[in-house]
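Participant: This structure is in structure tokens; I'll ask about it shortly.
The numbers here are math on the coordinates, done by the rules we state, and not lab data. Please read all numbers here as calculations on a predicted model, not as lab measurements. Quick reminder, even Gly has a Cβ in these numbers, built from the backbone with ideal geometry, and neighbours come from all protein chains shown.
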């Protein structure tokens, strides 16, 4: 081991970033590697996808976040493999980064259960790019309906489909319903956006399965109150441009969003250890992999059961706690002290459903409606990184609450781009036949420069 131990962290999400912050200005050299130069506050991605917030309000450069940590270097790159025998990470360009301790926190992506061809028709929501693409599709659907109504005198019914009744699916469905019934209702002349249908398909017998049944039922009622058609015990069997198949029925739709299924980063399989069906690595109680006490797996990539037999949930608080414990265990090694095993501290869960609508579970107590929504708002603002981000988000939320206005609703692109988008949304052209360059940008994009 080097005189000053070298710690390499892969991933600048909640787990990796919190590990780096816990190691800041400690007697180690830290290298954080990420494909992006920014950390994204993922719980608010759906607000970017539904035009409430701009990307710059929920993301911040990793370098800026840890600029006071003199011992932490940030490298822009993609880890693709490992040389465990020689303690090195191999990057996509062939470069090697050596380590004494390795923390792998590369996160997860959405899984299509063996149907990756569905992704072009039904994007998921894990990155800023995903959020911008979803926002583009949602806003274009309304614009194309207005175009048809004006030029042809009629338009096909507007249908939005969300697949998956977990927190992300519920939040997306509720936000789209709010857009249609409130934010856009007075902006279009030829169409009535309030008649748009939002359908949420969930394969089990209730949505929000991680919550108590009484809160799941409350969440369903709140969704239906704002016009979402919640269909339980409904599996999507096939997806094609402009339609989804449920059972034997094909349902026409303008936008399909994927909010079910998670697959851990493929990096876990590169370590030569056992993984579960979702690609998560089975880790030891101290979050190391079997046979390598200097390699830690944390966050969405880790599979570990709690003392009650339940798996540690794939939530941001769990990833933060894993990152901090891993840093403490590395420092304990350096001091010759004993490591501690990971124990997840459940600080509660919550999901927002719409304007003034949410559910929350905390310390055995259950909340719903406006109180739960205020709790959700306060907690998410508290955890946003950077004073500017908190102020910007609070101002946008306050404005949106008062006037029901969305601050990021611009679609840019030339006429040919929009024609390509129209053909694709109608199912007459696949994205492989010609890239769609139209993008949704924030009216506050100047903040990001």
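Participant: Going by average Cβ neighbours within 10 Å, how do the peptides 226-233, 314-321, 127-134 rank, with the highest at the top?
Facilitator: Listed from highest to lowest mean packing, they are 314-321, 127-134, 226-233.
Participant: Another question, if that's okay. Please work out the Cα center distance from region 263-329 to region 82-138, rounded to the nearest Å.
Facilitator: 16 Å
Participant: Sticking with this structure for a sec: Measuring from label point to label point, each 7 Å out along Cα→Cβ, what is the residue 120 to residue 148 span in nm?
Facilitator: Inter-label distance under the simple model: 2.1 nm.
Participant: Over the chain, what is the relative contact order in whole percent, taking alpha-carbon pairs under 8 Å and six or more residues apart?
Facilitator: Working: 899 pairs, mean separation 83.2, N = 449.
Computed value for the chain: 19 percent relative contact order.
Participant: Using just the helices of the chain, give the 222 nm mean residue ellipticity in deg cm²/dmol: DSSP H runs with n ≥ 4 each add -39,500 (n - 2.57), and the total is spread over all residues, rounded to 500. Working shown, then result.
Facilitator: Values: 10 runs with 129 residues, N = 449.
Only helices count here, giving -9000 deg cm²/dmol.
Participant: Treat each spin label as a single point 7 Å out from the Cα along the C-beta direction, and report the residue 225 to residue 263 distance in nm.
Facilitator: Taking the simple label geometry, residue 225 and residue 263 are separated by 3.9 nm.
Participant: Express the relative contact order of region 68-147 as a whole percentage, based on alpha carbon pairs under 8 Å and six or more residues apart in sequence. If you can, show how the numbers build up before the last one.
Facilitator: Values: 46 pairs, mean separation 10.0, N = 80.
Answer for region 68-147 is 12 percent.
Participant: Among 13-25, 285-297, what's the highest-first ranking by average C-beta atoms within 10 angstrom per residue?
Facilitator: Working: 13-25: 23.5, 285-297: 19.8.
Those peptides, ordered most packed to least, come out 13-25, 285-297.
Participant: Rank-order 169-179, 215-225, 114-124 by packing density, defined as the average count of other C-beta atoms within 10 Å over each peptide's residues, highest first.
Facilitator: Values: 169-179: 26.9, 215-225: 19.6, 114-124: 15.9.
Per-residue Cβ counts within 10 Å, averaged per peptide and sorted highest first, yield 169-179, 215-225, 114-124.
Participant: Based on other C-beta atoms within 10 Å, arrange 195, 6 from fewest to most.
Facilitator: Values: 195 12, 6 17.
In order of increasing Cβ crowding within 10 Å: 195, 6.
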